[in-house]
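This report refers to the structure that appears directly beneath it.
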Amino acid sequence: MSLTEYRRKRRFDETPEPAGKPRRKGTTPKTQALRLVVQKHDARRLHYDFRLELDGVLKSWAVPKGPSYDPREKRLAVEVEDHPLEYADFEGTIPEGEYGAGAVAVWDEGTWHPEGDPHQGYREGKLKFQLDGRKLKGRWTLVRMQHRPGERATNWLLIKERDELARPLEEYDVTAAEPNSVVSGRTLEEIASDNDRVWHTNRGAGATKKNAQKKSAGGQKTTSPPRGKRRRDGKLPGKSAAMPKATRLQFASLAKSPPDGLQWLHEIKFDGYRILCRVEKGKTQLITRGDQDWTDRMPRIAAAAPRLPVERAILDGEVVALEPSGVSSFQRLQNAFNERRANELIYFAFDVLYLDGHDLRDVPLEQRKEILADLLDHNSSVGPIRYTEHVDGHGKQCFIESCRMGLEGIISKRRDRPYVGGRSYDWLKSKCVRREEFVIGGFTEPEGGRQGLGALLIGSHDASGKLKYAGKVGTGFTDKTLVDLRKRLEQLEQRESPFSDLRVRPRKTHWVEPELVCQVEFSSWTDDGRLRHPSFQGLREDKPAESVRREEPQEFDGKAMKSTGRTKGRPATRAARQRPTKSKSKERQAEELDPGTVAGVRLTNPGRILYPERGVTKLALASFYVRIADWMLPHVAGRPLSLLRCPEGRHHTCFFQKHLGPGAPDVLERVQILEKGKPAEYAALHDVAGLVALVQMGILEIHVWGCRADDVERPDRLVFDLDPAPDADWDAVVQAAYRVRDALGAFDLESFVKTTGGKGLHVVAPIQRRHEWSEVKAFSKSLAEQIARESPELYTINPLKARRVGKVFIDYLRNERGATAVAAYSTRAREGAPVSVPVEWRELGRLTGGHFTVENLPARLARLKHDPWAELSTLRQSITSAAIKAVTRR
């Protein structure tokens, strides 16, 4: 590993590139991760320099088309000279006349982990590794091609392995979707035009860079106003005045789409708490929109504010908690407060209203932001108080890009207007997803194995101040939240309904005083004013209940706003419902394909067809799981999972995935299970967000272990899979199920039945966690053998299809360690989008295994008066020693 060739090609008195100091061969660190960097380089031809740290240098390949997540795309990678480790931080412009002249951006950075000995892999021409970059993740391979006569360079192929992160090129082109630098957010064009010609790093090693322009979600230039304006002349605009004791906040009106035109500035819409930050003589006050003092709850922000170069100031902004992706999350914010992790909180200031004796509220927004940027020293990336960047114009493009990145939306503001308290059309908000605040007016009792409460009854006030019912929200809760909410709501119970339009008490409902406010995410409103697919996000302790109003999106024609919906939530007439207009049909179609968030999980390609014969999309499947989550979760939550993954739909390639690889959604839990003496990671989930995360991964079948994740060595269910031969009819399967039920009943084991979504049935008996897998398997095998022995013409335990002709295969092997069975209420990757569904024993005669589908199951569940498996979680039964002896003797 030598830098001789690298240095020979460069004149370091002319180029800003580092010379570097290589370590000796064999000094690759064993205790720390090896660096990965990919630099986008606009030299004679645009290409991507793919670099892996090895033995103190960066092994380097030039990839003309860049990396691809599609395993079918074998990208040419031309091996070039080794580069020094310091080069990983280089972003800038290589001068004309120098080797590689042109702009260089750090397109991706992270770490890589070789599979096996990397030196051997490199020598043999097949280097396999895992990448953990900000853009590139998962398993990859570099394969050296055979050298051809006349070729100077050594050519390799960069190939994505077929793991859970692989994606077809037509679905996702990472170079097109993520074109900018991960260090500065700039494009190559901006780097070239900035012409900073410095080697800069995002690690603070004395680095310098021009920061006049950065990139925002919209892909447009985000403006950082000129620095030092306030310091240059020592003057401030605005009238001289004493610092106001109270400040009325300005709010944005909900718009159907963002405005265009250069008179508008566009900022990211944060998902957090609106906070006024008051600084006066070294002391800080952090005030909520409800005029509550939260200074003590945010000590890190409170301590940072007096360090700003001010004596007195009032800043307006939002306190947020950021996901690792950099997106603000209200649920993460709630957790930070509840778990006393206030050090995670960040205050994004977007306005300054008062500064050192000057009231700035009458000053145009553009000037206020210049002053704010100067005050915060343009700091938008570090520290607890940060400046909120903005985009000039290009509102629609900014909005589209924000939605693609998983943001909540954007705020559009007139750059020439003053700060005016109250809701204003000078500020407009455009949302990628529907999130609003609602007042809690009641709750229902929990059912099944759920604790705390079943669902919240929520509503919002109309123009006259009356609380109108908006529906129930029963998903999005953690177990702890359910219990905590129950305690708080019990203290607010009252006899009368707080809803003006809901006086009849639904079954198992408790009314409460309408004091608590919650944030809810939902897909849309129904014609009669109810929420579709609501999901609880958290309590809003910063907002008084009486201020909660339903928001109606408005259309902006450049001069004024026009209402696009019924402001009072009145249901449409029967005639209107029966004769939808053409424009309404288009709205529904747009809603179906909306690239939004479901239950807090961002869906990519929500319009992808997963079941072509039914037209079921990814969004439709996610919405289906949200609707049935309360029925399904008791049978899935907390269990190790194995998954059938069909990323492009059931009609394309599917594969079975047991282990959870890198890059899996954070809402899924990783369960460590020993396999052949080594730990392996399985997935588990606990709430509806986990179900939707599986849909996002392309999972069409969820299979569960017969045990819980907290003790995988002790099963809690017996499962018999009844699989008929092609020439066996449904009645034969039903009779087999009754035979298994009776055989279990002879040992005082009550059992339950469900369809499989195919041609068979599952008979399930809950058991206490007293037995090891070997005992459970031995018992189930003996029971199955007994049934097959008594009726050999009808049943078999031989898995060979040739031995099943005319018979039903009683599969007892579901009861061994590591085996799984399709989960209750899971879809199947089969024609028609069938679902495995628990049923009553008496229903078997009028059903088939694939009777229930994504389309008809919600209607069935709505009609049911009780859960067919309600008693399954309450039974306390075991396989007794006498039963084991009796069945094994037969």
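Key figures
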| quantity | calculated |
| --- | --- |
| Cα centroid separation, segment 735-808 to segment 330-360 (Å) | 60 Å |
| Computed Kirkwood radius, in angstrom, where 1/r is averaged over Cα pairs of segment 453-510 | 12.6 Å |
| Computed lengthening from R860 to E339, 0.36 nm per intervening residue step minus Cα-Cα distance | 183.5 nm |
| Pairwise FRET efficiency - E96 versus D356, Cβ, R0 = 45 Å, nearest 0.05 | 0.40 |
| Accessible area, probe 1.4 Å, largest first, for residues K431, K865 | K865, K431 |
| Label point 7 Å beyond Cα of K480 along Cβ direction - residues of segment 302-332 with amide nitrogen under 13 Å | 332 |
| Contact order relative to length of segment 777-823, as percent, for alpha carbon pairs under 8 angstrom and 6 or more apart | 35 percent |
| Gap separating the Cα centres of segment 469-519 and segment 632-710, nearest whole Å | 33 Å |
| Burial order of peptide ranges 402-410, 804-812 (average beta-carbon count within 10 Å, highest first) | 402-410, 804-812 |
| Spin-label zone in segment 449-481 - amide nitrogen under 14 Å from a point set 7 Å from the Cα of H686 along the C-beta vector | 451, 476-481 |
| Hydrodynamic radius by Kirkwood, which averages 1/r over all alpha carbon pairs of segment 286-428, in angstrom | 16.4 Å |
| Packing-based ranking, highest mean first, of 774-781, 756-763 given that Cβ atoms within 10 Å are counted | 756-763, 774-781 |
| For segment 806-878: rounded, prolate or oblate by the Cα gyration tensor [a/c cutoff 1.5] | oblate |
| Three semi-axes of the equivalent ellipsoid, segment 232-279, Cα gyration tensor, whole Å, largest first | 28, 19, 12 |
| Percent of C-alpha pairs per 10 Å bin, segment 274-353, short to long | 19, 53, 25, 3 |
| Interatomic Cα distance distribution for segment 839-890, bins of 10 angstrom, percent | 17, 34, 23, 19, 8 |
| Cα gyration tensor, segment 649-733 - rounded (a/c under 1.5), prolate or oblate | oblate |
| Calculated diffusion of segment 419-463, Stokes-Einstein form, Kirkwood radius summed over Cα pairs, 4 °C and 1.567 mPa s, µm²/s | 91 µm²/s |
| Burial ranking of peptide ranges 275-282, 765-772 (average Cβ count within 10 Å, highest at the top) | 275-282, 765-772 |
| Label-point gap, in nm, between R248 and S500 - each point 7 angstrom along Cα→Cβ | 2.4 nm |
| Isotropic mean projected area of the C-alpha convex hull, segment 684-802 (nm²) | 9.0 nm² |
| Taking all pairs of distinct alpha-carbon atoms in segment 755-890, Kirkwood radius in angstrom | 16.9 Å |
| Using θ = phi - 60° and Karplus 6.51 cos²θ - 1.76 cosθ + 1.60, couplings along segment 125-141 (whole Hz; Gly, Pro as x) | x, 9, 9, 9, 6, 9, 10, 10, x, 7, 10, 9, 9, x, 9, 9, 9 |
| Greater than 25 Å apart at Cα, pairs in K239/K396; K472/K759; K754/K885; K283/K369; K40/K431 | K239/K396; K472/K759; K754/K885; K40/K431 |
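The values are calculated or read from the model by the stated rules, or taken from the named source; none is laboratory data. All of these numbers come straight from a predicted model, not from anything done at the bench. Don't worry about glycine lacking a Cβ; one is built from the backbone with ideal geometry, like all the others, and counts go over all protein chains shown. Ligands, DNA and RNA are stripped out before the accessible areas are found, and what is left, the full protein with its side chains, is counted by its heavy atoms. Shrake-Rupley method; radii C 1.70, N 1.55, O 1.52, S 1.80 Å.
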